[in-house]
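The structure under discussion appears below in the form of structure tokens.
The values are calculated or read from the model by the stated rules, or taken from the named source; none is laboratory data. Quick caveat: nothing in here was measured; it's all calculated off a predicted structure. Neighbour counts are summed over all protein chains in view; Cβ atoms, including those assigned to glycine, are modelled from backbone coordinates with ideal geometry. Surface areas here come from the heavy atoms of the whole protein model, side chains and all, with no ligands, DNA or RNA. Shrake-Rupley method; radii C 1.70, N 1.55, O 1.52, S 1.80 Å.
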Amino acid sequence: MGERRDDRGGNPLVPDGSGADLSLNAILEVMAHHHRREILRVLVDSPDHTASIDELMNHVSDLEVARTGQRPGRDQLEIAFHHVHLPALTDVGLLEYDARSKDVRYRRHERVEDLLEYLDSISE
């Protein structure tokens, strides 16, 4: 895969913050759940790498309908987001979550983006 550049066209993309030292095993572990992969996909594809919790939950909910034919309960999904998925991604340094604005920001990581790109290529 080619060298990525950051949004400003400057230096090659370098992992940011505490996520910089993420091992491949840690990345695979945090990305093991399909909801977390989808959260990351939305944020990676967003021009400013941010989304609201509602946008992320709506995206995951719509995908669950397509995958299973059933819409997950909003309360259950919200609990899973707040107590499982967002903390898992935040703890490894991939996300920042502002509880007041309910906005989630992705902290770019080249290995994560490469893995998402690879997974997309083999699932087509």
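The rows are residues; the columns are (1) at pLDDT 95 or above; (2) of a type in the set (Lys, Arg).
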{"site": "Met1", "(1), (2)": "no, no"}
{"site": "Arg4", "(1), (2)": "no, yes"}
{"site": "Glu55", "(1), (2)": "yes, no"}
{"site": "Ser61", "(1), (2)": "yes, no"}
Open to solvent by 80 Å² or more (accessible area, probe 1.4 Å), touching a helix residue (DSSP H, G or I) at 6+ places or on another chain (Cβ under 9 Å) and of a type in the set (Asp, Glu): does that describe Glu55? yes
With the requirement that a residue be under 22 Å from Asp48 (Cβ atoms) and either in contact with a helix residue (DSSP H, G or I) (Cβ under 7 Å, 6 or more places away or on another chain) or surrounded by fewer than 17 Cβ atoms within 10 Å (Cβ to Cβ) (or both), what does the range 64-89 give you? Phe81, His85, Leu89
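Tell me, yes or no, whether the range 98-111 has at least one residue that is of a type outside the set (Lys, Arg) and assigned to a helix (DSSP H, G or I). Walk me through how you get there before you give the answer.
Start the filter on the range 98-111 by keeping residues that are of a type outside the set (Lys, Arg), which leaves 98-99, 101, 103-104, 106, 109-110.
When the remaining residues are screened for being assigned to a helix (DSSP H, G or I), the result is 110.
Yes, because at least one residue in the range 98-111 is of a type outside the set (Lys, Arg) and assigned to a helix (DSSP H, G or I).
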Please go through (1) of a type outside the set (Ser, Thr, Tyr); (2) surrounded by fewer than 12 Cβ atoms within 10 Å (Cβ to Cβ); (3) at pLDDT 95 or above for Arg100 and return the number of the only condition it doesn't satisfy. (3)
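Assess whether Arg36 counts as being part of a strand (DSSP E or B), within 13 Å of the chain's Cα centre (by Cα) and of a type in the set (Lys, Arg).
no
Do we have Asp54 as among the charged types (D, E, K, R) and over 18 Å from Ala99 (Cβ atoms) here? Show your work before the answer.
Numbers: among the charged types (D, E, K, R): yes; over 18 Å from Ala99 (Cβ atoms): no.
No.
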Is at least one residue of the range 68-86 within 14 Å of the chain's Cα centre (by Cα), over 17 Å from His33 (Cβ atoms) and of a type outside the set (S, T, N, Q)? no
Which one is surrounded by the fewest Cβ atoms within 10 Å (Cβ to Cβ), of the residues in the range 112-124 that are assigned to a helix (DSSP H, G or I) and not hydrophobic (A, V, I, L, M, F, W, C)? Ser123
